[in-house]
Amino acid sequence: MRKYYPGITLFKFAGAVMIVLAHIKPFPLNAVLNTYIPSFSVLCSVVVSGFYVMAGFLACKGWMHAAQPKKYIRQYVMWIGRVYALFCLLSFFTDPHSVVRTGSFAYRSLQFYIEPFLVVGPYRQLWFIPPLIVAIVLGYWAERGRRLVAAGALALLGFLVAASVIGPLQIIVKHMLGDLTIYRYKHWMLVQILVYNYLAYGFPFVFAGIFIAKWEKRFVELNKWWLLAPALLWSIAELAVIMVLYPGGYPHQMMLAHLPLTLLLFYGLLNVTSQWVQPYHGYLRRLSIVLFFAHWPLIHFNAWLLGFPLTLLSPGQTVLCIGLTFGQIILLERVIVWLQRKYIPSRGIALNS
């Protein structure tokens, strides 16, 4: 088993840094490019699908080569679940509308407290986690039970359903079926979020990662043009069609082109052979995890220290907020490593594994 992928290490770290920067202040270049290439920023969300493919790939590699696959997947899910639960608990103390801050459940409905944990995540970036856990468990069940092809086909079908509900095919569905009653369902927004999280991203791309892990050698040895040409042609064609079908602006965050573009991206990552990354692999991996999980509450804490809402920070305050956030994350990673070495035996799936 190949245990080290420099491309994945770099992608994980660079992606985490980009997420932090984007959450502090949206990239001004995106707005400029969207002016000339409508929906360009939507196309760039291929980074998110890349993370799902990476997660499916690494999880599958882990259980395929584990002495006890069931124990491995149980530890994997429990580790992510515990960290997620910790941030759910933390949100009770940081959300100004929580029970802890208001002293009463009456301030908000019970739905207000359930949705952030089971659907959208307690913090902005953590919507990623519930679909990941469910998709990994289903992927493990399908791979171990020799049902991977059937499950993968269902995941692909779900991707097409998502494109019909919250993607580029929605306008065609509305044209064919008219104004359906379901569009006026009072919880339709929640349904759209679930479709986006699970069918548009979680299931199809985690399963894509599992398929790649199963047939890694064949995938890596593909002629690059078999992936590059379809991805570029599909993306250009879809952008052109969207400009025609949505002259007032594309209202969705999903595109069919995400699938070929993500496969092309991951193909490139697996073919990276840089050696200079290897000495820093463990540190970059740990730092990426801390960056992803911890940045959102730290960003808001730093904005509060500066005395302004995050959206009203001046350029100088934004730079200071960025410096504080990254400094705190670097320090937090060192503290976590120290605590692990002092109190937690190194076994199973851990932050430094």
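The values are calculated or read from the model by the stated rules, or taken from the named source; none is laboratory data. Predicted model only: the values in this text are computed from it and were never measured. Reconstructed Cβ throughout: ideal geometry from the backbone, glycine too, with neighbour counts over all protein chains shown. These accessible areas exclude ligands, DNA and RNA; they are computed on the full protein's heavy atoms, side chains included. Shrake-Rupley method; radii C 1.70, N 1.55, O 1.52, S 1.80 Å.
At a glance:
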{"quantity": "Residue match in the stretch 143-152 (condition: of a type in the set (Asp, Glu), at pLDDT 95 or above and in a helix (DSSP H, G or I))", "calculated": "yes"}
{"quantity": "Some residue of the stretch 277-295 being more than 19 Å from Leu10 (Cβ to Cβ), at pLDDT below 95 and buried (at least 18 other Cβ atoms within 10 Å of the Cβ)", "calculated": "yes"}
{"quantity": "Meets criteria (at pLDDT below 95 and touching a Ser or Thr at 6+ places or on another chain (Cβ under 7 Å)) for Tyr183", "calculated": "no"}
{"quantity": "Helices (runs of 4 or more DSSP H) (entirely within the stretch 163-271) containing at least 1 residues that are open to solvent by 40 Å² or more (accessible area, probe 1.4 Å), over 23 Å from Phe128 (Cα atoms) and among the β-branched types (Val, Ile, Thr)", "calculated": "170-177, 225-245"}
{"quantity": "Some residue of the stretch 35-42 being part of a loop (DSSP other than H, G, I, E, B), buried (at least 17 other Cβ atoms within 10 Å of the Cβ), at pLDDT below 95 and within 22 Å of the chain's Cα centre (by Cα)", "calculated": "yes"}
